[in-house]
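Where a number appears in this text, it was derived from the coordinates with a stated rule and is not lab data. Owing to the predicted nature of the structure, the values given are computational and were not obtained by experimental measurement. Because the Cβ atoms are built from the backbone with ideal geometry, glycine has one as well, and the counts that use them run over all protein chains shown.
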Amino acid sequence: MAPISGWGYCFALLFAVNLHWVVAGGFPGWSAGVWPALRALTLPAIALAMPQAAILARVLRGSLIETLHEDYIRTARAKGAV
């Protein structure tokens, strides 16, 4: 079983309990309509996506820094293109 992230609790407290933007009571089902179902799925989707987005951003930053040190970038800078 995967450990439960503290982000989910913080998001539920802020957005469901305090602001009442989303529901924290469970999934109402698609028969209740598209909007109630999407409101119920939004908070868990964001809470699960945030750690992956952070990992992706870190990998992307490392790749961009590595690419900036390539020969063709240095040549482009020397010619004034970048």
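Tabulated data
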quantity: Percent RCO, i.e. relative contact order, over the chain, from Cα pairs under 8 Å lying at least 6 residues apart; calculated: 20
quantity: Given [x] 19.3, 54; [y] 21.1, 62; [z] 15.1, 42, the label whose value is Rg and Dmax of the Cα atoms in Å derived from this model; calculated: [y]
quantity: ³J(HN,Hα) computed for each position of segment 11-19 - Karplus, 6.51 cos²θ - 1.76 cosθ + 1.60, integer Hz, glycine/proline x; calculated: 5, 5, 5, 6, 7, 9, 7, 7, 8
quantity: Electrostatic dipole magnitude of the chain [Cβ: Lys, Arg +1; Asp, Glu -1; Cα centre; debye, to 20]; calculated: 180
